[in-house]
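Read the structure below first, then the notes.
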Amino acid sequence: MTGGQSHGHVQSHGHRAHGASRTIALFGGTFDPIHCGHIAVSQAAQRRFHLDALYFIPSSRPPHKSKQLLAAFPHRYAMVALACADHPAYIPSLAEAPDGAVPHVFYSIDTVRRFRKEHPDDHLYFILGADQFLEIPTWHNYEQLLDSCDLIIAHRPGFRLDALRLVIPPDKLARTSSSSHDPNTIALRKTKVHLLSTVTSHVSSTEIRQRREKHQSIRGLVPARVEEYILGQALYR
């Protein structure tokens, strides 16, 4: 994910009364396509952090993949919406939808700021993979992003928390760790970085696209509704 145009989120799900604090997470990416690994991450995050809502935010043009040919945004958004259909707390978002013919480059910090402004009373998390976090020093205004919300870092078994510390500027770390009792949390001055260690899925969007190119089955790699959509629209062929 990456953002800042004035596109609204799809918010057809119930919300609490104005002013009531919720716990929400932003899960952005190209979702080309969204797959069962993404759902596994979101379910693990929802269980651990008791999320009231989880916004899936397909990006029209993430800066780190600006040269990659992506499936059209309407297709990727439609697949996200289908994947969210069976999960009441999952909300497909148009926060990074394209504005006009030329896709806008979105930055995560702008999208987080926008949600912070629109949901000032909510506790905000930002979900990303461990590989992405290790590259976070290359992100636009990444130090501000670290200050803006708690981060949930999804990883595969065997990943070490120490690897995450290496890319965090020392002045961002809390002087005394208030979360020393939790070996999966790094306390920062303003926020926290949480390691989500329960994710074991090895599915990737690249593998799914490659399987489609080879006319191989993708059953079980994507939600059933998404598989039906991909086949019906003849995507990734």
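The values are calculated or read from the model by the stated rules, or taken from the named source; none is laboratory data. Just so it is clear, the model here is predicted, and its values are computed rather than measured. Every residue, glycine as well, gets a Cβ built from its backbone with ideal geometry; the counts of neighbours run over all protein chains shown.
Can you spot a residue in region 155-164 that is in contact with a Pro (Cβ under 9 Å, 6 or more places away or on another chain) and assigned to a helix (DSSP H, G or I)? Yes, some residue in region 155-164 is in contact with a Pro (Cβ under 9 Å, 6 or more places away or on another chain) and assigned to a helix (DSSP H, G or I). The number of residues in region 40-64 that are of a type in the set (A, V, I, L, M) and more than 14 Å from the chain's Cα centre (by Cα) comes to 0. Residue-level check: of (1) surrounded by fewer than 16 Cβ atoms within 10 Å (Cβ to Cβ); (2) at pLDDT below 95; (3) more than 22 Å from Tyr236 (Cβ to Cβ), Lys65 misses just (3).
With the requirement that a residue be more than 18 Å from Ala71 (Cα to Cα), in contact (Cβ under 8 Å) with a residue 12 or more places away in the chain and assigned to a strand (DSSP E or B), what does region 188-230 give you? Correct list: Leu188, Lys192, Val193, His194, Leu195, Leu196. If you check His38 against the conditions, is it surrounded by fewer than 22 Cβ atoms within 10 Å (Cβ to Cβ) and either under 19 Å from Asp131 (Cβ atoms) or free of Cβ contacts under 8 Å to residues at least 60 places away in the same chain (or both)? When the stated conditions are applied, His38 does not pass them. The residues on offer are Ala163, Ala187, Ala234, and the sole one that is closer than 28 Å to Val80 by Cα and among the aliphatic types (A, V, I, L, M) is Ala234. Somewhere in region 130-152, is a residue within 26 Å of Pro223 (Cα to Cα), at pLDDT 95 or above and assigned to a strand (DSSP E or B)? Yes, that holds for at least one residue.
Starting from region 129-140, keep only residues that are more than 15 Å from Phe27 (Cβ to Cβ), then list their pairs with residues that are modelled with pLDDT under 95 and not in a loop (DSSP other than H, G, I, E, B) whose Cβ atoms are within a distance under 6 Å, requiring at least 6 positions of separation or different chains. The qualifying pairs are His140/Tyr107. Determine whether Thr185 is more than 16 Å from the chain's Cα centre (by Cα), in contact (Cβ under 8 Å) with a residue 60 or more places away in the chain and more than 21 Å from His38 (Cβ to Cβ). In short, no. The set of residues from region 22-42 being part of a strand (DSSP E or B) and closer than 21 Å to Gly220 by Cα comprises just one member, Gly29. Scan region 90-129 for residues that are of a type in the set (S, T, N, Q), closer than 17 Å to Thr191 by Cβ and either in contact with a helix residue (DSSP H, G or I) (Cβ under 9 Å, 6 or more places away or on another chain) or modelled with pLDDT under 95 (or both) and the total you get is 1.
Every test in (1) at pLDDT 95 or above; (2) within 13 Å of the chain's Cα centre (by Cα) is passed by Ala83 save one, and that test is (2).
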